[in-house]
Amino acid sequence: MFARLVGESFVRNPRRKILTAAALVVGMAVATATLTVALDVGDRLAREFRSLGANLLITPDSDTLPLEIGGVDYRPVDEGAYLDEASLGKLKTIFWRHNIVGFTPFLDVPAVVSVDGVKVHTTLVGTWYEHAVLIPDGTKFKTGASATHPWWKVQGHWFHDDANECVVGAGLAATNPGVFSVGKTINVAKSENVGRTQSLTVTGIVLTGDAEDRAVLTPLSVAQNLSGHPGKTRQLFVSALTKPADSLSERDPKTLSAKDYDRWFCSPYISSISFQIRQFLPGTDVRAIRRVADTEGRILARIGLLLWIVTLAALAGAALAVAATAATTVLERRDEIGIMKAIGATNSIVAGIFLAEQVLLALVGGTIGFCAGVGLAWILGESVFGTPSSLRVVLLPVVLGLAAIIAIVGSLIPLRHAAHFQPAPILRGE
Amino acid sequence: MFTRLLWKLLHASRGRLVVALVALVSGAAVISALLNLQFDIERKLTQEFRTLGANVVIAPPNVTSAARSAAEEPALIDEASVWKVLDPNLPKGNPRETRVEELKPQLEFLAAAPYLYFIGRVAGAPVVVGGTQFGAAFGPFGLEPTWKLETGGTIQAVEGSPSCVIGRNVAKQLKLSVGSPIELQYLDQHRQFVVHWILDSGAAQDSQIFVDLRAAQSLLGVGGQVSLIQLRVNGTPKAISQYTAHLAALLPQYEVRPIRQVTEAEGELLSRIRLLILSMVLLILVLTGLCVLATMAALAMERREDVGLMKALGGSISRIVGLFLAEVGVLGAIGGLAGCIAGVALSHWMGQRVFGTAISARWEIFPLTVALMVGAALAGALPLRRLGNVKPAVILRGE
């Protein structure tokens with residue numbers, strides 16, 4: 001009987017239900033879209049933040065103090081400790097290996113460049129542009145300055161990581177006009193008297209906006225051979241996707257309880273990633289580059305919070321729309337309620353019928369709204385981040401539950417109102 | 001008569017109107033709060049980017065690293081000439097927080113710190129020493145707010161102070177801690193300093209020692225000269241590049257260049273986040289608008305009986321529709337205004353919660369929100385036009 005009453009109400013007057021259903025569909029579509037975006041905005045923005053470049057710097061632990069002014073290391077090449085190039089592949093074996101987006105080694109060698117009889121003292125910066133690194137599991141990972149220094153712009157093209165080629169910093173090229181043009185061959189030597197020279201072909205002029213503008217960038221192997229330190233490097237910049245710091249990440253891992261330690265270890269905080277790197281590369285010092293890491297963490301946390309507030313606003317808006325339409329439905333159906341009550345329905349039966357209708361509507365409206373919302377989130381992800389948001393089926397029950405709660409809560413106030421209806425005056429038409 | 005009827009209408013059905021009014025007020029509150037946010041987000045975000053540190057460098061022209069090889073003096077820049085251009089009314093003392101007048105609307109904040117670099121020796125070991133103004137470089141409003149200082153006290157800039165800041169690596173290598181005395185040697189000059197702070201920057205500065213600029217200048221014998229000046233300019237990427245160009249024109253003798261790592265990423269991130277917030281705000285605007293529309297449509301449908309009665313009493317349809325449109329219009333206006341005020345409070349809270357500073361209310365939001373609300377309310381009442389076909393007798397009979 002109850003089911004028939006509910007069913008009849010849908011069949012007899014479908015138009016009346018459309019308004020509520022429409023409110024639910026729109027509300028839930030927006031809720032789904034905002035929830036989807038809010039859920040993965042952290043990951044997506046973290047990826048965007050990689051345009052800031054590396055957020056971790058790895059140096060040998062027992063290194064002497066670098067004498068670096070304006071990005072140029074004034075230390076003699078034979079001084080200080082080095083990192084092994086061969087062990088760098090281990091970075092992709094740590095627990096959070098998938099969060100390591102890229103890493104680039106740097107080896108600075110003071111050098112004399114002679115070209116067309118002009119001798120210029122400068123620095124040779126050995127690095128990778130797009131180097132295939134051998135990972136211990138047998139695969140290869142392409143990384144280099146293209147990943148960690150995305151703001152470097154080159155005129156011409158980059159050197160090949162295995163060729164005797166180089167790119168010249170824009171500042172150096174500008175101070176020696178006409179000397180460093182693309183296609184020229186330059187000779188580099190460690191110093192004027194030492195015989196060991198190497199010819200390199202200039203393939204491009206690079207604009208970095210930093211100290212490298214006054215240097216010559218070469219493949220790492222070239223700088224290694226010239227300095228007499230094959231297979232070694234001095235600094236390693238690592239770009240990793242991280243989670244904003246919170247109260248847990250700020251604590252010293254040694255003081256954490258076993259459970260908290262696991263949680264810390266298994267979260268991609270910058271502190272836990274650097275801890276894991278230190279374990280795999282013993283004898284190194286891994287530091288978060290504070291400017292980048294702190295700024296990133298704070299902005300990510302703020303945008304995340306902001307989006308949750310906006311999502312709440314969307315949910316509140318949806319609840320309001322549904323509540324408003326539910327209130328009208330009850331008011332419109334005063335006559336019906338009067339008759340039901342007159343023939344003996346209790347308040348709870350009347351409320352039951354209405355709530356059952358609302359929940360049914362919520363399920364239908366919620367499902368349609370979910371589908372629309374997924375489409376909306378897809379478009380949103382595509383337009384904002386260039387890649388569509390992934391479908392999260394987990395959200396379907398959440399959205400349906402939300403729709404049901406909103407629909408029920410929205411009808412509660414008018415139903416309480418309806419409980420006070422007296423059948424007689426209503427049926428008299430008052 | 002019209003106003004009396006309108007008043008009666010509003011007064012008599014208070015109960016129902018309250019529901020609609022609640023919907024209107026909350027809708028308007030959400031809309032105005034989000035609009036406020038949307039207009040303020042760029043400023044808030046550029047302020048957040050401040051922690052990225054310097055984004056513009058003023059350096060001597062054409063310093064190639066070639067210059068260092070010989071006994072050649074490294075090129076320096078005259079401090080006073082730069083400060084004069086940066087701000088003629090520059091306050092004495094730190095932090096250097098100034099505004100360049102003609103770019104004021106787009107540029108929010110400006111911090112600048114001078115550096116004089118040289119290679120000195122501490123206990124026989126060579127180390128890079130930077131002379132700077134502590135407050136301007138490391139202070140809470142200085143250039144590098146993310147750098148951590150391990151210290152017993154706060155940074156205070158004392159001219160010629162014998163205190164120094166040492167990088168974390170320096171402290172480790174030379175086994176120094178807060179309070180240790182160090183003797184800094186440059187050529188044949190010696191100078192005593194006391195370690196006051198240990199710096200953790202995660203960058204090259206961890207291997208450097210910083211002393212007061214005046215002390216460094218007197219040690220090197222180069223009064224009033226510095227190696228470079230770093231600036232933090234806040235604003236949209238366009239405003240920053242305009243500012244850089246402007247500065248370069250005023251200082252033709254020096255090289256003024258933006259630090260591309262920072263400026264490029266900033267611009268990119270700013271536009272992404274703005275687009276994200278904008279699209280979310282638009283979604284919610286549409287949703288809230290629809291919600292108000294639905295509420296008003298429901299309210300209008302309830303008026304059928306009143307319309308029937310009025311028609312029976314001889315009211316012309318245009319007059320009746322006018323009456324109801326006036327009713328929803330008034331409701332929309334009241335709801336919009338009240339919602340705006342609630343929205344200001346909401347955005348204030350949101351700003352405090354998310355950014356730690358309030359989002360300032362913009363007066364443009366008020367008319368915009370009220371207009372939106374009245375528009376949505378009137379659109380919701382459009383079904384009333386159909387009342388033209390209403391047969392009074394049918395309605396009055398209660399069918």
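The values are calculated or read from the model by the stated rules, or taken from the named source; none is laboratory data. Note that the coordinates shown come from a computational prediction; the quantities given were computed from them, not determined experimentally. Cβ coordinates were reconstructed from backbone atoms using ideal geometry, including for glycine residues, and neighbour counts include every protein chain displayed.
The table below gives the values:
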{"quantity": "Residues located in region B:280-302, provided they are at pLDDT 80 or above and surrounded by fewer than 16 Cβ atoms within 10 Å (Cβ to Cβ)", "calculated": "B:Leu282, B:Val286"}
{"quantity": "Members of region B:46-78 that are outside any loop (DSSP other than H, G, I, E, B), at pLDDT 55 or above and more than 7 Å from chain A (Cβ to nearest Cβ)", "calculated": "B:Thr46, B:Gln47, B:Arg50, B:Val56, B:Val57, B:Ile58, B:Ala59, B:Ile77, B:Asp78"}
{"quantity": "Output for region A:283-295, where each listed residue is in contact with a helix residue (DSSP H, G or I) (Cβ under 6 Å, 6 or more places away or on another chain) and more than 8 Å from chain B (Cβ to nearest Cβ)", "calculated": "A:Val286"}
{"quantity": "Residue match in region B:182-198 (condition: surrounded by fewer than 21 Cβ atoms within 10 Å (Cβ to Cβ), in contact (Cβ under 8 Å) with a residue 40 or more places away in the chain, under 29 Å from B:Tyr254 (Cα atoms) and in contact with a strand residue (DSSP E or B) (Cβ under 7 Å, 6 or more places away or on another chain))", "calculated": "yes"}
{"quantity": "Positions within region A:221-248 being assigned to a helix (DSSP H, G or I), touching a residue at least 12 places away in the same chain (Cβ under 8 Å) and within 30 Å of the chain's Cα centre (by Cα), in sequence order", "calculated": "A:Leu248"}
{"quantity": "Test: residue in region A:380-387 that is in contact with a Pro (Cβ under 9 Å, 6 or more places away or on another chain), small (Gly, Ala, Ser) and at pLDDT below 90", "calculated": "yes"}
{"quantity": "Subset of region B:250-284 (residues that are within 7 Å of chain A (Cβ to nearest Cβ) and not aliphatic (A, V, I, L, M))", "calculated": "B:Arg257, B:Pro258, B:Arg260, B:Gln261, B:Glu264, B:Glu268, B:Arg272, B:Ser279"}
{"quantity": "Failed item, numbered, when A:Gln279 is tested on (1) within 30 Å of A:Ala33 (Cβ to Cβ); (2) assigned to a helix (DSSP H, G or I)", "calculated": "(1)"}
{"quantity": "Selection within region B:211-226 - surrounded by fewer than 24 Cβ atoms within 10 Å (Cβ to Cβ) and within 14 Å of chain A (Cβ to nearest Cβ)", "calculated": "B:Leu220"}
{"quantity": "Only listed residue being at pLDDT 80 or above and within 13 Å of B:Leu6 (Cβ to Cβ), chosen from B:Leu337, B:Leu323", "calculated": "B:Leu323"}
{"quantity": "Only listed residue being under 27 Å from A:Ala293 (Cβ atoms), modelled with pLDDT of 85 or more and assigned by TED's automatic domain parsing to the domain that holds B:Glu144, chosen from B:Val233, B:Val226, B:Val195", "calculated": "B:Val195"}
{"quantity": "Candidate set: region B:285-302, residues that are more than 7 Å from chain A (Cβ to nearest Cβ) and among the β-branched types (Val, Ile, Thr); chosen: the one farthest from A:Gly369 (Cα to Cα)", "calculated": "B:Val292"}
{"quantity": "Enumeration of residues in region A:12-24 that are facing chain B (nearest Cβ under 10 Å) and surrounded by 24 or more Cβ atoms within 10 Å (Cβ to Cβ)", "calculated": "A:Thr20, A:Ala23"}
{"quantity": "So B:Glu305, is it in contact (Cβ under 8 Å) with a residue 24 or more places away in the chain, surrounded by 21 or more Cβ atoms within 10 Å (Cβ to Cβ) and more than 8 Å from every other protein chain (Cβ to nearest Cβ)", "calculated": "no"}
{"quantity": "Qualifying positions in region B:120-138 - on the phi > 0 side of the Ramachandran plot and of a type in the set (A, V, I, L, M)", "calculated": "B:Ala123"}
{"quantity": "Residue count, region A:352-397 (criterion: under 27 Å from A:Ile408 (Cα atoms), out of contact with any Phe, Trp or Tyr (no Cβ under 9 Å at 6 or more places or on another chain) and among the aliphatic types (A, V, I, L, M))", "calculated": "12"}
{"quantity": "Leading residue by the ranking (nearest to the chain's Cα centre (by Cα)) among those in region A:331-353 that are hydrophobic (A, V, I, L, M, F, W, C) and closer than 14 Å to A:His420 by Cβ", "calculated": "A:Ala351"}
{"quantity": "Checklist (1) closer than 30 Å to B:Ala294 by Cα; (2) facing another protein chain (nearest Cβ under 10 Å); (3) modelled with pLDDT of 80 or more; (4) over 14 Å from the mean Cα position of the chain (by Cα) applied to B:Val19, failing item", "calculated": "(3)"}
{"quantity": "Subset of region A:296-306 (residues that are at the interface with chain B (Cβ under 7 Å from one of its Cβ atoms) and not β-branched (Val, Ile, Thr))", "calculated": "A:Arg298, A:Arg302, A:Leu305, A:Leu306"}
{"quantity": "Every residue from region B:181-202 that is of a type in the set (A, V, I, L, M, F, W, C) and in contact with a helix residue (DSSP H, G or I) (Cβ under 7 Å, 6 or more places away or on another chain)", "calculated": "B:Ile198, B:Leu199"}
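So that you can scan it fast, the table gives a plain yes or no per residue for (1) surrounded by fewer than 21 Cβ atoms within 10 Å (Cβ to Cβ); (2) out of contact with any Phe, Trp or Tyr (no Cβ under 9 Å at 6 or more places or on another chain); (3) at pLDDT 85 or above; (4) among the polar types (S, T, N, Q):
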{"residue": "A:Ser274", "(1), (2), (3), (4)": "no, yes, yes, yes"}
{"residue": "A:Gln279", "(1), (2), (3), (4)": "yes, yes, yes, yes"}
{"residue": "A:Val286", "(1), (2), (3), (4)": "no, no, yes, no"}
{"residue": "A:Trp308", "(1), (2), (3), (4)": "yes, yes, yes, no"}
{"residue": "A:Gly317", "(1), (2), (3), (4)": "no, yes, no, no"}
{"residue": "A:Ala323", "(1), (2), (3), (4)": "no, yes, no, no"}
{"residue": "A:Lys341", "(1), (2), (3), (4)": "no, no, no, no"}
